[in-house]
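Working notes, beginning with the structure itself.
A short reminder: the numbers here are calculations on the coordinates, not readings from a lab. Note that the structure is predicted; figures quoted are calculated from it, not measured. Methodologically, a virtual Cβ is constructed for each residue, glycine included, from the backbone with ideal geometry; neighbour enumeration extends over all protein chains shown.
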């Protein structure tokens, strides 16, 4: 690692994305049986995905659970081939994170920083490193998500007063 201090913080889990050949089967478990709320949908031919955006939790600590099926199972990206498609992490400074992590040898997937399905700026750490950028997600696609101000504030408040979590026990 370089002598530079990390210019961003990972605040918490923003989302998990689960893929399958038929999202109706995923909905049966996650929505019908677990009780997650469907908060939206997202369809993208470029990303070969038809997804239901669900949520668990509340406020700044709400976690998105994306239930995804491919538009065409024979095309890539194949959102259903790895059932746990990706994990999304809130970060407080996405551009700073990308710059610093790139300097540390982290490989990012093509596409750069862009608007994601839920409306936040995102980018992806590639599941595999390569010669130029040897650090990857070790088989896991990792989405970095720019946290909005209210999420940053909530996590900072929690970090400043951890007793707030103990009060929930």
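Based on the Cβ-Cβ distance from residue 157 to residue 121, what FRET efficiency comes out when R0 is 22 Å, to the nearest 0.05?
0.45
What whole-number distance in Å separates the alpha-carbon centres of region 94-119 and region 36-62?
One Cα centre to the other: 21 Å.
Consider a paramagnetic label point 7 Å from the Cα of residue 104 along Cα→Cβ; state which residues of region 139-159 have an amide N under 15 Å from it.
142-145
For region 1-69, what is the convex hull volume of the alpha-carbon atoms per residue, in Å³?
134
Summing -39500 (n - 2.57) over the DSSP H runs of n ≥ 4 in the chain and dividing by its residue number, what mean residue ellipticity at 222 nm do you reach, to the nearest 500 deg cm²/dmol?
Taken over the chain, the calculation gives -5000 deg cm²/dmol.
Run the simple label-point estimate for residue 34 and residue 128 please: 7 Å along Cα→C-beta, distance reported in nm.
2.9
Given labels modelled 7 Å from the Cα in the Cβ direction, how far is it in nm from residue 84 to residue 61?
2.2
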